[in-house]
1. Residues of the range 300-310 being open to solvent by less than 50 Å² (accessible area, probe 1.4 Å) and modelled with pLDDT of 75 or more, which ones?
2. Here is a list: Asp75, Asp55, Asp66. Which entry is open to solvent by 70 Å² or more (accessible area, probe 1.4 Å), of a type outside the set (Val, Ile, Thr) and assigned to a strand (DSSP E or B)?
3. Confirm whether Gly370 is in a loop (DSSP other than H, G, I, E, B) and crowded, with 17+ Cβ neighbours inside 10 Å.
4. Can you tell me which of Tyr262, Tyr313, Tyr276, Tyr293 is crowded, with 20+ Cβ neighbours inside 10 Å and over 21 Å from Pro343 (Cβ atoms)?
5. Going through the range 321-342 one residue at a time, which ones are assigned to a loop (DSSP other than H, G, I, E, B) and surrounded by 22 or more Cβ atoms within 10 Å (Cβ to Cβ)?
6. Give the residues of the range 219-234 that are at pLDDT 90 or above and open to solvent by less than 50 Å² (accessible area, probe 1.4 Å), sorted by residue number.
7. Please name all residue pairs, on different chains or six or more residues apart, with Cβ atoms under 6 Å, provided the first residue is in the range 179-191 and is surrounded by 14 or more Cβ atoms within 10 Å (Cβ to Cβ) and the second residue is at pLDDT below 80 and not in a strand (DSSP E or B).
8. How many residues are free of Cβ contacts under 8 Å to residues at least 40 places away in the same chain and surrounded by fewer than 19 Cβ atoms within 10 Å (Cβ to Cβ) if we restrict to the range 83-100?
Amino acid sequence: MRYYPILFLIHICLLQAGCNKETTKNANEPFEFYTIDFEQGFDTERQMFISEIADSVEYIELKTPDDVIITRIWDIKQLDSLLIIRSRRDAYIFHKNGQFIKQIGARGQGPGEYISLVDLEIDRKKKEIVITDTEKLLFCDLNGNFLRSQKRKPEIIYLGISDSVLWMGDIEDLANKYKAVAVSLDRLNDTLACIPNPMYGITKPPGSTSALSPYEIFFYYKNDLLYFKGSVSNDTIWKISGVHAEPYAFIDLGKYKLPLKYEPWYSSFENYVQNYDPYWSVLSVIEDDRYFYLFSNWKKIDQNRRSYAAFKYIVYDKKEQTVFSAKDKNDIGITDNIQGGPPIWPRWISNEYYMSAVESSELLEKTEAGEYTPSASLQELLSRIDEDSNDLIILCQRKK
């Protein structure tokens, strides 16, 4: 069953009218909306070269103290000449040349400490780093020094900031319990505005499960503007400015759209296991002025709870209004024809760089197996690292 954007927009606008009283816009401001045909992109493969979007590619070795190991990088944010790197456990400040500066906070229950680092964001206007902990938000200055904390609603954990307005996204397991999939909050945790939840009020059966991924990105930025994609079951991208939010893009998954009755937050585990096979989901989106980059996956969980996954990198060209899967000769992703390394996929984006990360051990192993033809500079870096080295950061200088 396909969704038709006009009917979809009418439905969303009606929902939003009851959810947000502060969405009036300038009548002369153009309405921008994209429809991305995922099914077409899935079935159309094309080799894309990193030189099409970037002027240079640089692999950054993270130089850390002996007691700090950086693996499983979940997020990278650029702040002028600094990189804020969040791993599965902690967050750190590096110079963009890889030089270690400091760890942000620490695990614990004292002032400035967190039980679990769930998410991290930068308020560029107030010059603060904001960390989501299990029950509170921590605020630090841009040097990582603790400033203050405030309690947060436990059911909303993912963080985005627009013009110093704090937005937080709901988790999929609670998708039918709340009227909003994202809310903007003031410093007292009062709701300023929200993005409506079309699943609100749907009764789900007992024994339902949930499926969250470290690759999921709820919020992203383009040219310093905030956008909300939300959980994997959400196929709408919202554009956010302060407390205002409006539909911006629709991902038409076509035959790959997972029916509601099989979605992980709604379905029983057995139902999910038996019926997920034909369907795909979009874990994250980033965007530049020319392209959308959709990171999508297929996932299967067997009765023993073993997980199997496959991935597709979908690119939507706004100028040509075409969509395709980026495929290297023997792998998926954008071919690195600058450094000769593995195919690149921009997991994060700043105004200056497309950013990604790769495990040192994996890069060494596949280079030794002859899968890559590294440049002289990349070969020199590989000669300095071993399989126990920190993950490498890939910075692709965006074309101007």
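The values are calculated or read from the model by the stated rules, or taken from the named source; none is laboratory data. Remember, it's a predicted structure, so these values are computed and weren't measured experimentally. Note: ideal-geometry Cβ built from the backbone for every residue, glycine included; neighbour counts use all protein chains shown. Quick note on the areas: whole protein, heavy atoms, side chains included, nothing else; ligands and nucleic acids left out. Shrake-Rupley method; radii C 1.70, N 1.55, O 1.52, S 1.80 Å.
1. Hit for the range 300-310 is Ala310, nothing else.
2. Result of the check over Asp75, Asp55, Asp66: Asp55.
3. Details: in a loop (DSSP other than H, G, I, E, B): yes; crowded, with 17+ Cβ neighbours inside 10 Å: no.
Spelling it out, it is not the case that Gly370 is in a loop (DSSP other than H, G, I, E, B) and crowded, with 17+ Cβ neighbours inside 10 Å.
4. Tyr276
5. Passing the criteria: Asp336, Gln339, Gly341.
6. If the condition is that a residue be at pLDDT 90 or above and open to solvent by less than 50 Å² (accessible area, probe 1.4 Å), then Phe219, Tyr220, Lys222, Leu226, Tyr227, Phe228, Lys229 are the ones that fit.
7. Listed by first residue and then by second, the contacts come to Lys179/Tyr200.
8. 6
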